[in-house]
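Just so it is clear, none of the values below were taken in a lab; they were calculated from the coordinates. A quick note: this is a predicted structure, and the numbers were derived from the prediction, not measured.
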């Protein structure tokens, strides 16, 4: 996995944001420019365990989500089974990206 610059990293800290009184977030201008987002651009929000992922909405992305769901359902995989794998997967990704900080030994 390549992690030479922050733009190539799988996980990069962007910023800390605060909710407005109306529950709104303001995305940093640098991120909006990088993603080609303008006022009114749709953003998809995914809940992954107790985390939220914000993604620029795209019809292909929605089709991909449907395809993944259909494949998992057809294979008899439940949401609980997928969510159960998240802690281990997060730990593996963290160990790969940050080996000096990781508790898990790399193979």
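For the chain, the normalised intensity computed at q = 0.12, 0.22 Å⁻¹ comes to -0.62, -1.34 (log10 of I(q)/I(0), Debye sum over alpha carbons, equal scatterers, no solvent). Kindly provide the helix-only [θ] at 222 nm of the chain, computed as the sum of -39,500 (n - 2.57) over DSSP H runs of four or more divided by all residues, to the nearest 500 deg cm²/dmol? One gets -12500 deg cm²/dmol as the mean residue ellipticity at 222 nm. Computed over the chain with a Gaussian network model linking Cα atoms closer than 10 Å, the most mobile of 77, 26, 93 is 26. Mean-square fluctuations from a GNM of the chain, with a 10 angstrom spring cutoff on Cα atoms, peak among 88, 80, 21 at 21.
Counting 0.36 nm for each residue step from residue 37 to residue 13 and taking away their Cα separation leaves a gain of 6.8 nm.
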